[in-house]
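Data first, discussion second: the structure below is written as structure tokens.
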Amino acid sequence: MNDKWIFKGLIAVIVFQVLVLASVYVNAFYPHVTGTEIKLRTVPVDPRSLFRGHYALLRYNLSAIPKADLDSKGKARENEIVYVQLKPVEDGIYEYAGASFTKPDEGLFLRGRLHYPRTVEDAQKYNVIYGIEALFAPMEETQELEKQLRHGGLALVMVAANGKAALKDVIANK
């Protein structure tokens, strides 16, 4: 009888672990299935990391948002969720149209996490991390992409209805 309970407990733990891993995968893939494809202007920051492998680190025009758009009562906290509204400007390219701590009822928006500026020059802005800041690829591809993106480029991003974004591809300016 005791061995049956141990076996059932072991099976339950294994099933739980599989479900957790599956939910992580589904959460990461969700914007690719249900999202709307948009384009964001981008420039690279850094081509590689010893710990994370080779990647192109990307920065967007909406990676730094004005403090004045959020700081009405000084309630902005590090790592707080922020919603950045987007507006179309040309040929599927979207740009910053405002930010708030409450989820917009309509329109296209990105869900990100707020971070305080790191330099005195950026003191009037908040940094926002969306989870689409790195494009991983083999070393040769990231080095070539870095060269191509020196003059900017476009990131193809899938945005789900809840604001979660996933990086699909990066296209260098010609």
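Within the set Leu135, Leu110, Leu145, the sole residue that is of a type in the set (A, V, I, L, M) and either outside any strand (DSSP E or B) or exposed (fewer than 13 other Cβ atoms within 10 Å of the Cβ) (or both) turns out to be Leu145. Scanning segment 33-74 for residues that are of a type in the set (Phe, Trp, Tyr), open to solvent by 20 Å² or more (accessible area, probe 1.4 Å) and modelled with pLDDT of 80 or more returns no hits. Scanning segment 148-174 for residues that are in a loop (DSSP other than H, G, I, E, B), touching a Gly at 6+ places or on another chain (Cβ under 9 Å) and either surrounded by 16 or more Cβ atoms within 10 Å (Cβ to Cβ) or at positive phi (or both) turns up Ala160, Gly163, Lys164. The residue pairs whose first member lies in segment 84-107 and is touching a residue at least 12 places away in the same chain (Cβ under 8 Å) and at positive phi, whose second member is open to solvent by 70 Å² or more (accessible area, probe 1.4 Å) and polar (S, T, N, Q), and whose beta carbons are closer than 8 Å, counting only pairs six or more residues apart or on different chains, do not exist in this structure.
The values are calculated or read from the model by the stated rules, or taken from the named source; none is laboratory data. What you see is a predicted model; the values in this text were computed from it and never measured. Neighbour counts run over all protein chains shown; Cβ positions are idealised from the backbone, glycine included. For accessibility, only protein heavy atoms count, side chains too; no ligands or nucleic acids. Shrake-Rupley method; radii C 1.70, N 1.55, O 1.52, S 1.80 Å.
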